[in-house]
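Have a look at the structure below before the remarks.
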Amino acid sequence: MNKRNNNHKFINEFNPDISVFNTDCRDYLLSFNAGEGYENFNDFLISEAEEYCVSGEGVTYIIWNYRNESDSNEKEVVAYFTLSANAIPYIDRIRLDEKEALELGKEFDEENWGITVIEIKMFAVNDKYQDLFYIYDGDELPVSAWCLRAIVNYTNELNESVLAFKALFLHSVPDAEEFYLKNGFQDMKVNMYPFCSIDSDMKPMWMPLKNIYMNYDK
């Protein structure tokens, strides 16, 4: 195991588990706090998550930490995330040869396509865990990074047994852009044009999970 970084605060026991949002857990959810300036994430979990699911906007999942694996009541909310089906539109563009370009009166052949994705519409980590690190199999990562890995692993399981899609997609708040880049997400390609949404003022990012072939000749 790697030597601990003394500049980090560590959690010694981290036994995460994912379950679908359930109002029966309301007392636990009330203790969730995304931190100063992000109270809207707290409000969503308490007031909007259930309606989001009913209306088809997205299903919310809770990431728990079981402090005592033998007692299911000894747990607390580490993070939550909301998943929704979506697509990323993009333009496939191929430069025509000189003869075709002359005949058709255009330089490129362009077609509109789409990449099937699961969108992470919401992702927030409990303030208590935001500055904590955990070591597992020699990897020393923030708990938030472990949570994101859990989300990716969970969606991969869905991809293999429930619903086929090719990538993950999200809109990042400004403070989290570097975090997502460090953990496998990428900026949009020049030929990608995500659908407009209430989050469109935030930065769209994606993580390919399958081989994706796009042409965009310049």
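Suppose we keep just the alpha-carbon trace of the range 19-133; what are its Rg and Dmax in angstrom?
Computed over the Cα atoms of the range 19-133, radius of gyration and Dmax are 22.6, 74 Å.
Please compute the modelled spin-label separation between Asp199 and Arg95, points set 7 Å along Cα→Cβ, answer in nm with one decimal.
Spacing of the two 7 Å Cα→Cβ label points: 3.7 nm.
Give me the distance between the Cα centres of the range 171-193 and the range 43-122, rounded to whole Å.
13
What percent of all Cα-Cα pairs in the range 91-205 falls into each 10 Å bin, going from 0 up to the bin containing the maximum distance?
Each 10 Å bin holds this share of Cα pairs: 11, 32, 28, 15, 9, 4, 1.
Which one, Leu141, Thr116, Gly184, is farthest towards the positive end of the dipole of the range 113-197 when Lys and Arg carry +1 and Asp and Glu -1 on their Cβ?
Thr116
Pop out the carbon and sulfur fraction of the accessible area of the range 1-159 as a percent, whole number, probe 1.4 Å. Walk me through the numbers before you get to the answer.
Details: 3950 of 9100 Å².
Roughly 43 percent of what the probe reaches on the range 1-159 is carbon or sulfur.
Between Tyr136 and Asp43, what length in nm is gained on full extension when 0.36 nm per residue of separation is reduced by their alpha carbon distance?
Numbers: separation 93, 0.36 × 93 = 33.48 nm, distance 3.23 nm.
Extending this stretch completely gives an extra 30.3 nm.
What value, in deg cm²/dmol to 500, does the helix sum -39500 (n - 2.57) over DSSP H runs of n ≥ 4 give at 222 nm once divided by the residues of the chain? Kindly include the intermediate steps, with their values, before the conclusion.
Values: 7 runs with 51 residues, N = 218.
My calculation for the chain gives -6000 deg cm²/dmol from helical runs alone.
Which pairs in the list Lys75/Lys182; Lys189/Lys210; Lys121/Lys210 are over 24 Å apart, alpha-carbon to alpha-carbon?
Numbers: Lys75/Lys182 29 Å; Lys189/Lys210 16 Å; Lys121/Lys210 20 Å.
Beyond 24 Å between Cα atoms: Lys75/Lys182.
Arranged from highest to lowest average of other beta-carbon atoms within 10 Å per residue, in what order do the peptides 129-135, 41-47 appear?
Details: 129-135: 18.1, 41-47: 16.1.
Packing proxy ranking, top to bottom: 129-135, 41-47.
Report ³J(HN,Hα) in whole Hz for each residue of the range 27-44, in order, from the Karplus equation J = 6.51 cos²θ - 1.76 cosθ + 1.60 where θ = phi - 60°; Gly and Pro get x.
4, 6, 5, 4, 7, 6, 9, 7, x, 4, x, 10, 4, 4, 5, 5, 4, 4
Return the tail of the calculated pair distribution for the range 176-218, meaning the percent of Cα-Cα pairs more than 16 Å apart.
Working: 431 of 903 pairs.
Result: 48 percent of Cα pairs exceed 16 Å.
Expected output is a single nm value to one decimal: the length gained when fully extending between Lys189 and Asp217, i.e. 0.36 nm times separation in residues minus the C-alpha distance. What is it?
Numbers: separation 28, 0.36 × 28 = 10.08 nm, distance 1.27 nm.
Taking Lys189 through Asp217 to full extension adds about 8.8 nm, to one decimal.
Where Lys and Arg each count +1 and Asp and Glu each count -1, what net charge lies around Ile62 among other residues with Cβ under 14 Å from its Cβ?
Details: positive: Arg26, Lys75; negative: Asp17, Asp24, Asp27, Glu50, Glu76.
Taking every Cβ under 14 Å from that of Ile62, the sum is -3.
Work out Dmax and Rg for the chain from the C-alpha atoms and quote the Rg first, both in angstrom.
20.6, 74
Any chance you could run the full-extension gain for Trp113 through Asn33? It's 0.36 nm times the residue separation minus the Cα-Cα distance, nm to one decimal.
On the way: separation 80, 0.36 × 80 = 28.80 nm, distance 3.97 nm.
Taking 0.36 nm per residue and subtracting the Cα distance, the gain is 24.8 nm.
The values are calculated or read from the model by the stated rules, or taken from the named source; none is laboratory data. All of these numbers come straight from a predicted model, not from anything done at the bench. Note: ideal-geometry Cβ built from the backbone for every residue, glycine included; neighbour counts use all protein chains shown. Note: areas computed on protein heavy atoms with side chains; ligands, DNA, RNA excluded. Shrake-Rupley method; radii C 1.70, N 1.55, O 1.52, S 1.80 Å.
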